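Asker: What follows is a single structure, and I will ask about it in a moment.
The values are calculated or read from the model by the stated rules, or taken from the named source; none is laboratory data. What you see is a predicted model, and the numbers here were worked out from it, not measured in a lab. Cβ placement follows ideal geometry from the backbone for every residue including glycine, while neighbour counts extend to all protein chains displayed. For the accessible areas, the whole protein counts, side chains as well, though only heavy atoms, and no ligand, DNA or RNA atoms are used. Shrake-Rupley method; radii C 1.70, N 1.55, O 1.52, S 1.80 Å.
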Amino acid sequence: MTQAIDPEWEYVTDGVMGGESQGQMTKEQVRGHAATRLTGRVSLENNGGFLQMAFDFNAGGGPVDASAWSGIELILCGNGETYDLRLRTTDLDRPWQSFRSDFTAPAQWTTLRLPFAALTPHRTDAQFDACALRRLGLVAVGRAFAVDLAVREVAFFA
C-alpha cells in the first residue's frame with residue numbers, strides 16, 4: 001500500500017556556499033515517462049560538492065505526520081551512480097543535519113523502497129520522528145561525477 005506524494009521540486013547547488021558544481025533540473029520525458037530530472041556535474045572545487053533536487057512536504061514548510069508509513073518509495077532511473085536520500089524533520093535546525101540513506105540509480109526505471117528504520121542520522125543526536133517530517137532531498141554529493149537522476153514518482157509505503 002502506498003500514498004502518492006505530489007512534490008514541488010526545487011533545484012539547489014553548492015553555489016549557495018561558493019561551490020562550482022553545475023547542473024539543472026528539468027521536467028521531461030525520460031525513457032517513455034514524465035519525470036523530474038537532475039543533471040550536471042558535481043565539482044569539489046572551491047569547497048563545493050553537491051547538486052540537489054528537494055521539496056517541502058507542506059508548502060509552508062510545516063511538518064506532515066508520516067508515522068502510519070514505513071518509508072519512502074521512489075520510482076527512478078539514472079546513470080548507475082550513488083545518490084543520497086535526505087529527510088529533514090522539525091527537530092533539525094541546521095542545514096547540514098539530516099536523516100540519510102544512499103541508493104544507486106540504475107539505467108532502467110526501478111522502484112526503490114527506503115525504510116525510515118534504515119535512515120542514518122547525520123550531525124544530530126535527534127532520533128528520526130516520522131510525525132515531524134518536513135523536507136525530502138535527493139542529492140548528488142561528495143565526489144566529482146556526472147549526475148543524471150530522473151524521478152517519476154514519490155510515495156509513502158506501508
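Asker: So if I place +1 on the C-beta of Lys and Arg and -1 on the C-beta of Asp and Glu, and nothing else carries charge, what would the dipole magnitude of segment 12-60 be about its Cα centre? I want it in debye, nearest 20.
Answerer: 280 debye
Asker: Quick one: if the Förster radius is 30 Å, what FRET efficiency do Trp109 and Ala144 give, using the C-beta to C-beta distance and rounding to 0.05?
Answerer: For R0 = 30 Å, the calculated efficiency reads 0.65.
Asker: Let me ask something else. Given the options Thr13, Ala118, Ser67, identify the residue whose Cα lies farthest towards the positive end of the charge dipole of the chain (+1 on Cβ of Lys, Arg; -1 on Cβ of Asp, Glu).
Answerer: Ala118
Asker: Separate question: Classify segment 104-158: rounded, prolate or oblate, from the alpha-carbon gyration tensor (a ≥ b ≥ c, eigenvalue square roots; a/c under 1.5 rounded; otherwise prolate if a/b is larger than b/c)?
Answerer: Note, shape of segment 104-158 comes out oblate.
Asker: If the only charges are +1 at each Lys and Arg Cβ and -1 at each Asp and Glu Cβ, what is the size of the charge dipole of segment 28-158 around the Cα centre, to the nearest 20 debye?
Answerer: The calculated dipole for segment 28-158 is roughly 180 debye.
Asker: Which order do the peptides 75-82, 55-62 take when ranked by the mean count of other beta-carbon atoms within 10 Å per residue, highest first?
Answerer: So the order, starting with the most tightly packed, is 75-82, 55-62.
Asker: Taking segment 7-49 on its own, what percent of its Cα-Cα pair distances exceed 15 Å?
Answerer: When every Cα pair of segment 7-49 is considered, 48 percent fall beyond 15 Å.
Asker: Scan around Val147 for amide H atoms under 5 Å from its own, H built in the peptide plane at 1.01 Å from N, and keep only partners 5 or more places away or cross-chain.
Answerer: For Val147, the qualifying residues are Gly40, Arg41, Val42.
Asker: Ignoring ligands, DNA and RNA, please state the percent of accessible area on the chain from carbon and sulfur, probe 1.4 Å.
Answerer: Looking at the chain in its full context, I get 46 percent from C and S.
Asker: For a paramagnetic label modelled at 7 Å from the Cα of Cys131 toward its Cβ, which residues of segment 83-105 fall within the zone defined by backbone nitrogen distances under 13 Å?
Answerer: Zone members listed by number: 90-91.
Asker: When the distances between all Cα atoms of segment 47-86 are binned every 5 Å from zero, what whole-number percent does each bin get?
Answerer: Taking every Cα pair in segment 47-86, the percentages come to 5, 12, 20, 24, 18, 13, 7, 1.
Asker: Suppose we look only past 28 Å in the calculated P(r) of segment 1-149. What percent of the Cα-Cα pairs does that tail hold?
Answerer: 16 percent
Asker: Express the relative contact order of the chain as a whole percentage, based on alpha carbon pairs under 8 Å and six or more residues apart in sequence.
Answerer: 34 percent
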